[in-house]
Amino acid sequence: MRRSLLGRVWPGAAAVVLFIGFAFPVYWMFTTAFKANKDIVADDPVWFPASPTFEHFKTAVNADGFWTFVGNSFAVTLIAVGLSLVIALLASFAVARMRFKGRKSFILVMMMAQMAPWEVMVIAYYMIVRDAEMLNSLVPLAAIYTVMVLPFTVLTLRGYVAAVPKELEESAMVDGCTRTQAFVRVIFPLLAPGLMATSLFGFITVWNEFPMVLILNKDDAAQTLPVWLTGFRTTFGDDWGATMAASSLFAVPILILFVILQRKAVGGLTSGAVKG
């Protein structure tokens, strides 16, 4: 009886500890953004701001180039995620449904690319972009980010495509659909959870990427928000209030995207699978 009770309690306790470990830094970031400077540097920690202030957010938003960095981040992120989804959707369908020479080698290459740390490729990418005379441009940055998230997207969507029974596709083709129509009307709606998951992963990866843009784009007009976050320094040291406010603003798009995708991810599980 005691062992049974312990077996039920410890997973929940471990989950609570992990939740606190992950959630506390986020809580501290958001609360610090609303604290006055005297509370931020106080010897005794102030767990919640007694008089919240928005001055740090004003400092962050009024920083030089803020809206330029916002536009650049959204541009490269949306382009990279969109391109990777389109390419990965076609590649994953081919790998999961078709048998061709080099199929296993292709999957192995995707796995190796996913496991390889991208930091080791920074110098190689820099030399390629430099020789192409495309430094300080968002175009090569978006292309590199597309390649960066493509392996994970292909491997993940391949699993979703393989999980869809072939009989559904064959049934649609018997009813008169071409293979393309069967894919669009039957398989594609069932891939919604996979598309949501991979798009969220791709968005987070590209949105947070820092070393590549720092090295390739020295011009402020071609930099993104992760570089902007490093700029809150004064002659007296780091402006922690503005840094936390900027970090909070930086995290908002990811939180909004997560809420939207969480609501819609289940919607494509059964829609379009069979004729009503």
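No lab work stands behind these numbers, since they all come straight from the coordinates. Predicted, not measured: the structure shown is a model, and the values here were computed from it. Backbone-built Cβ (ideal geometry, glycine too); neighbour counts: all protein chains shown.
At-a-glance table
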| item | result |
| --- | --- |
| Overall form of the chain per C-alpha gyration tensor (a/c, 1.5; a/b vs b/c) | oblate |
| Estimated [θ] at 222 nm from DSSP helical runs (n ≥ 4, -39500 (n - 2.57)) normalised by residues in the chain, nearest 500 | -22500 deg cm²/dmol |
| Cα gyration tensor, the stretch 1-80 - rounded (a/c under 1.5), prolate or oblate | oblate |
| Separation in nanometres of the label points that stand 7 Å from Cα toward Cβ, at Val16 and Leu257 | 3.4 nm |
| Thr53/Arg99 FRET efficiency (R0 51 Å; Cβ-Cβ; nearest 0.05) | 0.20 |
| Gyration tensor (alpha-carbon) shape descriptor, the stretch 128-182, a/c threshold 1.5 | prolate |
| Potential lengthening between Phe210 and Val9 on full extension [0.36 nm per residue; Cα-Cα distance subtracted] | 68.3 nm |
